[in-house]
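Okay, structure first, notes after.
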Amino acid sequence: MNRLQGKVAFVTGAGRGQGRSHAVHLASEGADIIAIDICKPVSSVDYPMASREDLAETVRLVEALNRRIVSRAADVRDLDGLTGALDEGVAELGGLDIVCANAGIGGCGRAAELSAQTWQDVIDINLTGVFHTMKAAYPHLNNRGGGSVILTSSVAGVKGIQNIAHYSAAKHGLVGLGKTLALEWGERGIRVNTIVPTTVDTPLIHNLPTYRLFAPNIAEPTREDVAGAFASFNALPVSWIDPVDVSRLVLFLASDDARYITGATMPIDAGATA
Ligand SMILES: NC(=O)c1ccc[n+]([C@@H]2O[C@H](COP(=O)([O-])OP(=O)(O)OC[C@H]3O[C@@H](n4cnc5c(N)ncnc54)[C@H](O)[C@@H]3O)[C@@H](O)[C@H]2O)c1
């Protein structure tokens, strides 16, 4: 299908995981892509971020679909750097229609034991980084006379989950940001929706520190050791969904099939919030 022919989509955190999947699936429907990722570690996060090679692989996959892609290493915490990267992409590709504010970090710890830096990095990236993405994107969407914005929250954005207070606070913030932007930008024809995935099969959950939280009695827990604990979050018998499951919702919201959907908070959660 070519539901997004002639459109340009901006995807943050596009180096791997859901962001790469969104970039590739948006391209498969005809969109050209502006892709950014931090491409270096975040010191308070105890698993690696995407690398430059990961981002280059996203570029390869999009180009293999005969779509254009502009990629840059950029940090959503850096408003000027992020704006510069997006502006360059828009100048090259001719406009902006779709924004996937997807970049984010995880991490675990009891609320009272989180370091101030760990708290701040999650708020700065997962909440303020999305605000920066919106600030950078708005002039281009406004120029185009409309668009579709998709903010990636989480089930932790609509319910409390122990051991991720910082993450839950930031993701709850996105629900409020998304609803407010839907109201402020509606008259410009810009739709803003927030998606709420359950656990997704990416490095954000598949890392040793997270595994240790779910299997504290095993020294080196594996994917198999934690699958049951993760499945207990969901109504459907699945431990984690695939990035493509989230991309299908992103494609729907990005397309005219969702032309009268805005301000919504949409689960793709295997029943986790039921
Ligand atoms: N994996 C899950 O279980 C899950 C569930 C619900 C929501 N989410 C959310 O989905 C989004 C995508 O995560 P994912 O699951 O693909 O994990 P991931 O770790 O594979 O991908 C996140 C990407 O964001 C990038 N990134 C991190 N900090 C950045 C920054 N400051 N600037 C630019 N890029 C940055 C990383 O390098 C990485 O490529 C995140 O917002 C995450 O919070 C994840």
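We did not get these values from a lab; they are worked out from the coordinates using the rules stated. Bear in mind that the values here come from a model prediction, so they are computed numbers and not experimental data. Every residue, glycine among them, receives a Cβ derived from its backbone with ideal geometry; neighbour counts consider all protein chains shown.
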I'd like the orientation of helix 129-144 relative to the chain: the angle between its Cα long axis and the longest Cα principal axis, in ° from 0 to 90, rounded to 10. 20
Subtracting the Cα-Cα distance of ALA91 and GLU53 from 0.36 nm times their residue separation yields 11.2 nm
The chain: most fluctuating residue of ILE105, ILE195, ILE161 per GNM, C-alpha cutoff 10 Å: ILE161
Once the Cα atoms of helix 79-93 and of the chain are each reduced to a long axis, what angle between those two axes, in degrees from 0 to 90 to the nearest 10, is obtained? 50
Could you grab the Rg to Rh ratio for the range 18-120? Cα atoms only, Kirkwood for Rh. 1.03
Find the relative contact order for the range 124-274 and round it to a whole percent, using C-alpha pairs within less than 8 Å whose residues are 6+ positions apart. 28
Calculated FRET efficiency for the pair SER232/GLN117, C-beta based, R₀ 30 Å, to 0.05: 0.45
Among GLY147, GLY15, GLY94, residue whose mean-square fluctuation peaks in a GNM of the chain (springs only between Cα atoms under 10 Å): GLY94
For SER43 and ASN143 in one chain, what is 0.36 nm times their gap in residues minus the Cα-Cα distance, to one decimal in nm? 32.3 nm
Please report Rg over Rh for the chain, where both radii come from the alpha carbon positions and Rh follows the Kirkwood definition. 0.95
Charge-dipole axis of the chain as Lys and Arg at +1 and Asp and Glu at -1 on Cβ define it, positive-most pick from SER115, ALA165, ALA254: ALA254
Helix-only [θ] at 222 nm, the chain, -39500 (n - 2.57) per DSSP H run of 4+, per residue, nearest 500, equals -12500 deg cm²/dmol
Neighbour net charge for ARG144 - beta-carbon separation under 13 angstrom, K R +1, D E -1: +2
Computed over the chain: relative contact order in percent, which uses C-alpha pairs under 8 Å that are six or more apart: 19
Could you give the angle, 0 to 90 degrees to the nearest 10, between helix 165-185's Cα long axis and the longest principal axis of the Cα atoms of the chain? 20
From the P(r) of the range 165-274, could you give the percentage of C-alpha pairs in the tail past 25 Å? 33
At what distance in nm do the modelled label points of THR222 and ALA73 sit from each other, each positioned 7 Å from its Cα along Cα→Cβ? 3.4
Excluding residues on the same chain fewer than 8 positions from LYS40, give the lysines whose Cα lies under 24 Å from its Cα. LYS135, LYS171
In the range 100-178, trypsin sites (Lys or Arg not before Pro) in a DSSP loop with at most 11 other beta-carbon atoms within 10 Å: ARG110
Give the aspartates and glutamates whose C-alpha is closer than 19 Å to that of LYS159, dropping any in the same chain fewer than 8 places away, or say none. ASP269
Directionally averaged shadow of the range 74-124, computed from the convex hull of its alpha-carbon atoms, nm²: 4.4
